[in-house]
Amino acid sequence: MNITVRYFANMRDRMGRAEDSVSLEGETVTVEELWRRVSPQQALPANVLIAVNMEYTDASRALKNGDEVAFFPPVTGG
Amino acid sequence: MKVIVQEGPFDPYQVTRDYEAQSLPVGKHGAVVTFVGTMRDFNDGHNVSAMFLEHYPGMTERHIEDVCQEAADKWDVIDALVLHRHGDISVSEPIVLVAVWSAHRAHAFDACRYIINYLKERAPFWKRESTAQGQRWVEHNTEDPGVNSQGTKQKSA
């Protein structure tokens, strides 16, 4: 399956890029497994927020082909 | 209800008047409550000279719309308007406008507060401040203690 991964704010700084396109093999791939693929050296930061297709979710979420996954820090708008 | 996320300055009072003239039925509301968030020149003990506001296009609008709909489900809201900036922002400029029209003030006050508080909690925006020490991402918003019998904390004498 093909997944688009986006990083915002200090997560983009930390990753050194704004986006990844990832091809994954396997029947079931979770956000946690996707993170290990895009960031093999670093554990998922504890306070990071996760969105799949622009809805908040958590690292156990199973992904589908074509999903857009975003990793970002706590939000500070308003 | 309308949600706008835009780059560049705006006049929140003109926007409110224009929206009311164009979109509100005549004579039905008895209250309009507006919240305008503006940029301070200080935060977390540092002087702040400028700010950049990043957002997640699409997700941001969707989550503000959800918060407005939740407010309309909880209170008697005739209409609501939210305008939020992204991009470069200068000191004292408006960042966000929330305007709520209702027949009565209590519903307008409560719905307006609900919208700004949950917008700050859920809408994907991130502030990066410029200070004398360089640029830094803001890590958390200040909390609104909410309305209770004591009200908000009184300023010290």
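Just so it is clear, none of the values below were taken in a lab; they were calculated from the coordinates. No experiment lies behind these values; they were computed from the predicted model shown. Heads up, the Cβs are rebuilt from the backbone with ideal geometry, glycines too, and the neighbour counts pull from every protein chain shown.
Odds and ends about this structure:
- Tensor-based shape of chain A (alpha-carbon gyration tensor, a/c under 1.5 rounded, otherwise prolate or oblate): prolate
- A Förster radius of 25 Å, combined with the Cβ-Cβ distance separating A:Arg14 from B:Thr38, puts the computed FRET efficiency at roughly 0.25.
- Checked against a 26 Å cut-off, the cross-linked pairs A:Lys64/B:Lys2; B:Lys2/B:Lys127; B:Lys2/B:Lys120 give Cα-Cα distances beyond that limit for A:Lys64/B:Lys2.
- Positive end of the dipole of segment B:2-137 (Cβ unit charges, origin at the Cα centre): among B:Ala111, B:Trp101, B:Pro25, the Cα lying farthest that way belongs to B:Ala111.
- Selected from A:Leu44, A:Val69, A:Met54, residue furthest toward positive end of dipole (segment A:36-78; charges at beta carbon): A:Leu44
- 20 Å reach of a label modelled at B:His140, 7 Å along Cα-to-Cβ, counting backbone N of segment A:44-78: A:45-50, A:72-78
- Assigned charges on the beta-carbon of Lys, Arg, Asp, Glu; chain B dipole about Cα centre (debye): 320
- Given +1 at the Cβ of Lys and Arg, -1 at the Cβ of Asp and Glu and no other charges, the dipole of the protein assembly as shown around its Cα centre is 480 debye to the nearest 20.
- Around the Cα centre of chain A, unit charges on the Cβ atoms of Lys, Arg, Asp and Glu (plus for the first two, minus for the last two) sum to a dipole of about 240 debye.
- Chain B: most fluctuating residue of B:Ala123, B:Ala111, B:Ala103 per GNM, C-alpha cutoff 10 Å: B:Ala103
- For B:Gly37, the shell of other residues with beta-carbons less than 12 Å away shows a net charge of +2, using +1 for Lys and Arg and -1 for Asp and Glu.
- If you run the Gaussian network model on chain B, springs between alpha carbon atoms under 10 Å, then out of B:Glu139, B:Glu129, B:Glu121 the most flexible one is B:Glu139.
- Computed FRET value (nearest 0.05) for B:His104 with B:Gln14, which takes r as the C-beta separation and R₀ as 25 Å: 0.45
- Angle between chain B longest axis and helix B:105-122 axis [Cα atoms, degrees, rounded to 10]: 40
- Distance (nanometres) between label positions extended 7 Å along Cα→Cβ at B:Glu93 and B:Glu70: 2.9
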